[in-house]
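Reviewing the structure listed below.
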Number of protein chains: 2
Amino acid sequence: MSDSPRKRGRPATIDTKSAMHAMVELFRDKGYAAVSLDDLSEATGLSRPSLYRSFGNKLSMYVGAMNAFGEDVAELALPKLEAEGDLQTALTDFFDAMLAIYYRDSDIAPGCLVFGTAPSHADEDEIKSRLKFGIDQVDARMRARMKLSFPECNTARLTTAAHMASNTLIAFSARAKSGATRSQLSAIGSESARTIVMLLRAD
Amino acid sequence: MSDSPRKRGRPATIDTKSAMHAMVELFRDKGYAAVSLDDLSEATGLSRPSLYRSFGNKLSMYVGAMNAFGEDVAELALPKLEAEGDLQTALTDFFDAMLAIYYRDSDIAPGCLVFGTAPSHADEDEIKSRLKFGIDQVDARMRARMKLSFPECNTARLTTAAHMASNTLIAFSARAKSGATRSQLSAIGSESARTIVMLLRAD
DNA sequence: GCAATTTCGTACCGTTTCGTACATTTTTAG
DNA sequence: CTAAAAATGTACGAAACGGTACGAAATTGC
């Protein structure tokens with residue numbers, strides 16, 4: 001950002017970026033409560049006090065992981081949705097890009113950190129409100145993209161179509177965690193995209 | 001069931017039925033890992049050794065809770081789906097019956113034990129396979145019900161419609177946990193039902 | 001070189017965790 | 001009335017938990 005004012009003491013050697021990435025993967029695999037600070041320490045290579053210094057307590061580590069995961073989604077998948085042109089293609093490509101994240105090349109899919117693990121820990125207010133933000137975000141982006149391709153479609157129908165597209169994505173996480181293959185979900189995604197466009201086109 | 005052969009020792013005083021119900025509610029609120037055996041002991045009124053004797057270890061308690069929850073769904077909601085007559089009405093009524101379970105009269109919705117909390121703990125094989133069973137069950141029942149109302153509809157379209165209806169239900173759990181109101185989800189349910197019937201009717 | 005400053009991990013604390021051994025209570029069989 | 005049988009909770013143990021005080025290490029300013 002700004003130029004370096006050359007700080008005073010011992011220089012930091014911790015790579016918070018890669019540490020946060022390791023935390024995201026661990027939380028995706030096992031959820032919030034089942035992950036211990038020792039697990040996080042081992043996965044990141046950082047000592048437990050270092051974790052506290054860099055990320056606060058366990059809860060804020062998890063919320064931070066949700067934000068980091070959201071940034072990955074915004075960078076890797078959202079552009080597919082917001083690409084101009086054919087809506088059905090945009091939706092299909094977006095679903096496939098999300099599945100690439102959900103499956104992480106692994107055979108056992110870690111799924112979605114937000115839609116997959118957060119609902120189980122939503123008794124924590126911070127997690128609940130971050131989950132709500134994620135859902136609202138997807139609903140809003142979907143709706144905006146549909147309005148782009150169908151500008152004179154009526155409000156209620158746009159909202160319904162957006163909800164159905166979001167529901168498809170949300171359900172993907174549970175399906176992935178249950179053992180569904182990536183190609184199975186990709187097929188569901190393209191079928192849903194076709195149906196949703198049909199709904200928007202209907203007289 | 002069969003007549004009583006009059007067992008030998010001290011008669012059991014534990015009400016396993018109501019104990020399991022209390023366990024379901026606790027697991028719905030906090031997930032699997034965040035619930036301790038002391039929590040379960042307090043909620044059920046049973047001592048920790050009694051829990052072990054009646055239900056095995058913590059993992060089998062959770063799987064047992066998933067089964068008990070599934071039985072409630074089969075009893076309270078599935079009949080609405082499988083009612084004869086208008087498909088759109090059956091779907092709408094089924095969604096509303098599921099929402100009655102997901103919201104439990106409470107203001108803060110506990111959501112679905114299977115679709116809401118299990119994905120977060122699917123690294124346990126028993127939980128993962130029980131989750132898969134739940135999803136497969138919903139997909140299959142949906143598809144059978146749609147075939148009932150649209151017998152000559154082609155296979156692929158029936159499957160797509162069933163998946164979209166299941167996805168609606170699965171997403172309800174995450175949405176409920178995020179703070180969505182019951183009437184909001186009820187509206188999404190009836191809109192989705194209308195769209196799915198439209199898909200099945202299309203030329 | 002010496003003090004101030006910042007980073008970092010060892011070692012520790014009190015609490016909570018899951019799971020069980022064992023004595024106690026309540027019943028039936030004879 | 002006594003012995004066998006089954007159910008139940010108290011009390012305990014070893015391990016893991018989240019979180020932190022504190023001293024060692026590494027740098028800059030003078």
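Bear in mind that the values in this text are calculations on the coordinates, not laboratory data. What you see is a predicted model, and the numbers here were worked out from it, not measured in a lab. As a convention, Cβ positions derive from the backbone with ideal geometry for all residues, glycine included, and neighbour counts pool all protein chains shown.
The residue that is nearest to B:Leu59 (Cα to Cα), counting only those in region B:7-29 that are within 12 Å of DNA strand C (Cβ to nearest atom) and without any contact (Cβ under 8 Å) to a residue 40 or more places away in the chain, is B:Leu26. Checking the condition away from chain B (no Cβ under 13 Å), within 14 Å of DNA strand D (Cβ to nearest atom) and of a type in the set (Asp, Glu), which residue from A:Asp86, A:Asp38, A:Asp72 passes? Going through A:Asp86, A:Asp38, A:Asp72 in turn, the sole match is A:Asp38. Test of understanding: among A:Asp96, A:Asp86, A:Asp123, A:Asp139, which residue is acidic (Asp, Glu), more than 21 Å from B:Lys128 (Cα to Cα) and in contact with an Asp or Glu (Cβ under 8 Å, 6 or more places away or on another chain)? Exactly one of A:Asp96, A:Asp86, A:Asp123, A:Asp139 is acidic (Asp, Glu), more than 21 Å from B:Lys128 (Cα to Cα) and in contact with an Asp or Glu (Cβ under 8 Å, 6 or more places away or on another chain), namely A:Asp123. For region A:117-128, the condition holds for no residue, the condition being that it is buried (at least 18 other Cβ atoms within 10 Å of the Cβ), free of Cβ contacts under 8 Å to residues at least 24 places away in the same chain, over 28 Å from A:Ala34 (Cα atoms) and within 14 Å of another protein chain (Cβ to nearest Cβ). So which residues in region A:129-153 are surrounded by fewer than 20 Cβ atoms within 10 Å (Cβ to Cβ) and more than 11 Å from every other protein chain (Cβ to nearest Cβ)? Matches in region A:129-153: A:Gln137, A:Ala140, A:Arg141, A:Arg143, A:Ala144, A:Lys147, A:Leu148, A:Ser149, A:Phe150, A:Pro151, A:Glu152, A:Cys153. Residues in region A:177-198 that are touching a residue at least 40 places away in the same chain (Cβ under 8 Å) and more than 9 Å from every other protein chain (Cβ to nearest Cβ): A:Arg182, A:Leu185, A:Ser186, A:Gly189, A:Ser190, A:Ala193, A:Val197. Scanning region B:95-112 for residues that are facing chain A (nearest Cβ under 10 Å) and either within 17 Å of B:Met61 (Cβ to Cβ) or surrounded by 24 or more Cβ atoms within 10 Å (Cβ to Cβ) (or both) gives B:Ala109, B:Pro110, B:Gly111, B:Cys112.
The residue list B:Ala156, B:Ala161, B:Ala174 contains one member that is at the interface with another protein chain (Cβ under 9 Å from one of its Cβ atoms) and under 15 Å from the mean Cα position of the chain (by Cα), which is B:Ala174.
The set of residues in region A:74-89 that are in a helix (DSSP H, G or I), closer than 19 Å to A:Met146 by Cα and not polar (S, T, N, Q) comprises A:Ala74, A:Leu78, A:Pro79, A:Lys80, A:Leu81, A:Glu82, A:Leu87.
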